[in-house]
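What follows is one structure encoded as structure tokens, with my remarks underneath.
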Amino acid sequence: MKNKFLILDCNSIIHRAFYALPSFATKDGKPVGAIYGFFLMFFSILKEFKPSFVVATFDSPVPTFRHKEYQAYKAKRPKLPHDLVWQIARVKEILNVFGVPVIEKEGFEADDLIGTIAKLVIRKLKFPPLEVIIVSGDADMLSLVGNQIKVYFLQKGIKKNMLFDFDSVKEKYNGLEPSQLTDYRALRGDPSDNIPGVRGIGQKTAIDLLKKFDTLENLYAEIERKGSKARGLKPKVKEILLKYKEDAFFSKKLAQINSNIPLDIKLKECSFDLEKKEKVVEIFRELGFSSLIKKLSEVAG
């Protein structure tokens, strides 16, 4: 039986909880709906996967290297609601009480931390048989799926979720492999992150191009050397690709998850159990989460 290493994309989970549940507050008026929803999902995930290890990642509160290179990056996203700022801080506090390492690094997104941790866990730290499960509502994470890495994707609300492995990613993207999804975003663009892509190249064309040429680099190399594969492209598609070549490669740079951040992850610090969590119960009582206390008891057995 494989040990499971759970990596939480906490900003993604908290936002999903914040917008999926009705707003409610403590007796003294503090908003707590997102905190409640986060730990409702957390306990459900613990019950389903029974992980041996857990880490929690958060986005950097300051601009990342992507924002510095491209000011329009994620520019269309609404500003973080004031009610959510306090709740994010409280989620971090409770995770620390649980003994879950909270990881954030100035200038990097949670995506980059997740990619780095997954790589360290699989390639560098000599663990016993291990399966990494990334919990996120961000489809970008699907590019990390591999032999020992799966993504538990939060699709809608807090209950409709799906576990993606290599085959289910290929099915979702009509034959593209997880490693091709960054190039897919580079061609098609990504409105949620405001990544431009190649204007005029849609989902179907992007998939068809990558199934034929495998990578963005191969595609452009074939076009520029007028290879036999490139001769089969429609003249309009070829024209668009050449016109927006710079945008394509810049979009790939923005979309690429940086899995080489300097991080020191120790297995022992990520080990997880639910013993002696009296302090968590105290916090839940303070917040009025009586139903979560019951859930905690159920998950802890």
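A few remarks follow.
- Residues located in region 102-131, provided they are of a type in the set (Val, Ile, Thr) and closer than 26 Å to residue 61 by Cα: 102, 103, 114, 116, 117, 121
- Hits in region 166-206 - residues which are within 20 Å of residue 237 (Cα to Cα) and of a type in the set (Lys, Arg): 185, 188, 199, 204
- Breaking point among (1) outside any helix (DSSP H, G or I); (2) modelled with pLDDT under 95, for residue 54: (2)
- Test for residue 188: is it free of Cβ contacts under 8 Å to residues at least 12 places away in the same chain, among the basic types (Lys, Arg) and outside the structural domain of residue 152 (by TED's automatic domain parsing): no
- Entry remark, region 20-51: residues being at pLDDT below 85 and either surrounded by 14 or more Cβ atoms within 10 Å (Cβ to Cβ) or not assigned by TED's automatic domain parsing to the domain that holds residue 140 (or both) number 2 in total.
Yes/no per residue for (1) assigned to a helix (DSSP H, G or I); (2) in contact with a strand residue (DSSP E or B) (Cβ under 8 Å, 6 or more places away or on another chain); (3) of a type in the set (Ser, Thr, Tyr); (4) modelled with pLDDT under 90:
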site: 85; (1), (2), (3), (4): yes, no, no, yes
site: 116; (1), (2), (3), (4): yes, no, yes, no
site: 123; (1), (2), (3), (4): yes, no, no, yes
site: 154; (1), (2), (3), (4): no, yes, no, no
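- One residue from 237, 281 being in the same structural domain as residue 115 (by TED's automatic domain parsing), β-branched (Val, Ile, Thr) and at pLDDT 90 or above: 281
- Flag for residue 218 being on the phi > 0 side of the Ramachandran plot, among the polar types (S, T, N, Q) and not assigned by TED's automatic domain parsing to the domain that holds residue 14: no
- Flag if residue 109 is in the same structural domain as residue 153 (by TED's automatic domain parsing), of a type in the set (Asp, Glu), crowded, with 19+ Cβ neighbours inside 10 Å and at pLDDT below 95: yes
- Residue match in region 181-192 (condition: farther than 27 Å from residue 144 by Cβ and surrounded by fewer than 20 Cβ atoms within 10 Å (Cβ to Cβ)): no
- Each residue in region 178-216 was checked for being hydrophobic (A, V, I, L, M, F, W, C) and in contact with a Ser or Thr (Cβ under 6 Å, 6 or more places away or on another chain), and 3 pass.
- Hits in region 264-278 (condition: surrounded by fewer than 17 Cβ atoms within 10 Å (Cβ to Cβ) and either modelled with pLDDT of 90 or more or among the hydroxyl-bearing types (Ser, Thr, Tyr) (or both)): 271
- Counting the residues of region 4-55 that are of a type in the set (S, T, N, Q) and within 21 Å of the chain's Cα centre (by Cα) gives 4.
- Residue check for residue 260: outside any helix (DSSP H, G or I) and at pLDDT 90 or above: yes
- Residue in region 217-230 that is within 29 Å of residue 12 (Cβ to Cβ) and under 26 Å from the mean Cα position of the chain (by Cα) present: no
The values are calculated or read from the model by the stated rules, or taken from the named source; none is laboratory data. Keep in mind it's a predicted model, so treat the numbers as computed, not measured. All Cβ positions, glycine included, derive from the backbone under ideal geometry; neighbour counts span all protein chains shown.
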